[in-house]
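For reference, the structure is listed below as structure tokens.
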Amino acid sequence: MIRREFLRVIAVTGALAAVSAEEAEELAEGVGRGTSVGFHRMNAHLWQVYQLARSKNSVYPAVHEQIVSLTDALKGRSDAEVVPLCAAAGDLFQLAGELAFDGNDYEGAAASYALAATACRDSGAFDLWACALVRHAYVDVYERRYGEAEKTLATAARVAKRGDTALSTRHWVSSVQAEVHAGLGNFDACERALDEAERVADLTSTGCNGGWLRFDGSRLAEERGAGYVQLGRLDLAEAALGKALEQPNLAKGQSYRRRGVVLTDLAAIGAKRRDADQVLTFGREAVQLARTSSSGYVARRLQGLRAEFAPMVRDDRILGLEAEISALSTH
């Protein structure tokens, strides 16, 4: 079942660089043997397919089957055998949470991240555990529960200190803390956290594994810009977001969700300035990306943008954009 679903996902998403049929067979056999190495290898490939997929929910069937197989593998195992499998479970449940989060199922995402954090804690995988806590904090961030997010991130920071210093885990924690400080209106704390996150450039390697840890600093321009929007520092925000759009992945449209979010933030700046042309230029492209990717997350960000339209409701073009946003599905 896993091999069939995995190959189907590759076909649907066009993830040509993911694996060959022979490699998929080998991965499936590894999972079938119930080894932690086999599960970790399959997890890594599922993360790759997830990142390449335009429509993230197309990856769900393969992830679901991997969860079923991992659950079966945990039955009747000794404590010594369960520990490494718990790390694999913590990895997999974070991916499941990402799928739920992109579909705006925040309750499902939070449940998945909580399971992931517990499994990672039990396996002693500190970086993996810290990343699960960061993802859980994201749920509170996007529900604007900044106080709760701040507490979770404080725990994540403590856990990350026990992890591998060659990894970028602690820098990712700082970048999300910056977003929380922005939400709380604390410009100085936001800047300090961003400066700490920028130190990811000091790592001798990339600091990430391309799966459950992907923070390499490449998103800091867009994250800095988003924080400045919240803080009302519009000129600083526009400069940072413009820089973000120049990055290869966003410029080529390889990451539809990321580009859609940056465009939404730029449209929000236009709305705050009552610049209808800027709102329309960036808002329309963001709507198109939300349609193409079926990203509930981008759609929800656009829904939030509508609250900024009140001063411009006499402009028929703005009303047309609002209607397009209203028609988007957030699920």
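Taking only pairs six or more apart or across chains, which ones have beta-carbon atoms under 6 Å, a first residue in region 78-96 that is charged (D, E, K, R), and a second residue that is in a helix (DSSP H, G or I) and at pLDDT 85 or above?
ASP91/ASN43
Select from region 219-271 the residues that are in contact with a Pro (Cβ under 9 Å, 6 or more places away or on another chain) and free of Cβ contacts under 8 Å to residues at least 40 places away in the same chain and list them in ascending order. Give the steps one after another, and end with the answer.
Quick first cut of region 219-271, residues in contact with a Pro (Cβ under 9 Å, 6 or more places away or on another chain) only: 254, 271.
If the condition is that a residue be in contact with a Pro (Cβ under 9 Å, 6 or more places away or on another chain) and free of Cβ contacts under 8 Å to residues at least 40 places away in the same chain, then GLN254 is the only one that fits.
When you look at ALA44, is it of a type outside the set (Asp, Glu), under 20 Å from CYS131 (Cα atoms), modelled with pLDDT of 55 or more and out of contact with any Leu (no Cβ under 8 Å at 6 or more places or on another chain), yes or no?
Details: of a type outside the set (Asp, Glu): yes; under 20 Å from CYS131 (Cα atoms): yes; modelled with pLDDT of 55 or more: yes; out of contact with any Leu (no Cβ under 8 Å at 6 or more places or on another chain): yes.
Against the criterion (of a type outside the set (Asp, Glu), under 20 Å from CYS131 (Cα atoms), modelled with pLDDT of 55 or more and out of contact with any Leu (no Cβ under 8 Å at 6 or more places or on another chain)), ALA44 qualifies.
Determine, yes or no, whether GLY320 is in contact with a helix residue (DSSP H, G or I) (Cβ under 8 Å, 6 or more places away or on another chain) and either crowded, with 19+ Cβ neighbours inside 10 Å or of a type in the set (Gly, Ala, Ser) (or both). Working first, answer last.
Values: in contact with a helix residue (DSSP H, G or I) (Cβ under 8 Å, 6 or more places away or on another chain): no; either crowded, with 19+ Cβ neighbours inside 10 Å or of a type in the set (Gly, Ala, Ser) (or both): yes.
Against the criterion (in contact with a helix residue (DSSP H, G or I) (Cβ under 8 Å, 6 or more places away or on another chain) and either crowded, with 19+ Cβ neighbours inside 10 Å or of a type in the set (Gly, Ala, Ser) (or both)), GLY320 does not qualify.
Regarding region 189-210, can at least one residue be identified that is among the hydroxyl-bearing types (Ser, Thr, Tyr) and crowded, with 22+ Cβ neighbours inside 10 Å? Working first, answer last.
Step one: filter region 189-210 for residues among the hydroxyl-bearing types (Ser, Thr, Tyr), giving 204-206.
Still in the running and crowded, with 22+ Cβ neighbours inside 10 Å: none.
No: region 189-210 contains no residue that is among the hydroxyl-bearing types (Ser, Thr, Tyr) and crowded, with 22+ Cβ neighbours inside 10 Å.
Among the residues of region 223-257, which ones are farther than 28 Å from LEU319 by Cβ, at pLDDT below 90 and either in contact with a Phe, Trp or Tyr (Cβ under 6 Å, 6 or more places away or on another chain) or not hydrophobic (A, V, I, L, M, F, W, C) (or both)?
GLU246, GLN247, PRO248, ASN249, LYS252, GLN254, SER255
Within region 175-209, can you find the residues that are over 15 Å from GLY232 (Cα atoms) and either touching a strand residue (DSSP E or B) at 6+ places or on another chain (Cβ under 8 Å) or not in a helix (DSSP H, G or I) (or both)?
LEU203, THR204, SER205, THR206, GLY207, CYS208, ASN209
Quick one: which residue in VAL134, VAL141 is over 24 Å from LEU85 (Cα atoms), part of a helix (DSSP H, G or I) and touching a residue at least 24 places away in the same chain (Cβ under 8 Å)?
Numbers: VAL134 fails: over 24 Å from LEU85 (Cα atoms).
Result of the check over VAL134, VAL141: VAL141.
May I ask you to list the residues in region 277-307 that are surrounded by fewer than 19 Cβ atoms within 10 Å (Cβ to Cβ) and free of Cβ contacts under 8 Å to residues at least 60 places away in the same chain?
Within region 277-307, ASP277, GLN278, LEU280, THR281, ARG284, GLU285, GLN288, ARG291, GLN303, GLY304, ARG306, ALA307 qualify.
Among the numbered criteria (1) under 12 Å from the mean Cα position of the chain (by Cα); (2) assigned to a loop (DSSP other than H, G, I, E, B), which single criterion is violated by ALA100?
(2)
Using the structure shown, decide if SER168 is outside the structural domain of TYR113 (by TED's automatic domain parsing), under 28 Å from LEU95 (Cβ atoms) and free of Cβ contacts under 8 Å to residues at least 40 places away in the same chain.
Working: outside the structural domain of TYR113 (by TED's automatic domain parsing): yes; under 28 Å from LEU95 (Cβ atoms): yes; free of Cβ contacts under 8 Å to residues at least 40 places away in the same chain: no.
The answer is no for SER168.
Please pick out the residue among ALA116, ALA53 that is in contact with a Gly (Cβ under 9 Å, 6 or more places away or on another chain), farther than 18 Å from LEU213 by Cβ and among the aliphatic types (A, V, I, L, M).
Details: ALA116 fails: farther than 18 Å from LEU213 by Cβ.
Every option except ALA53 fails the conditions.
The values are calculated or read from the model by the stated rules, or taken from the named source; none is laboratory data. Computed from a predicted model, the values in this text were never measured in an experiment. Cβ sites come from the backbone with ideal geometry, for glycine too, and all protein chains shown count toward neighbours.
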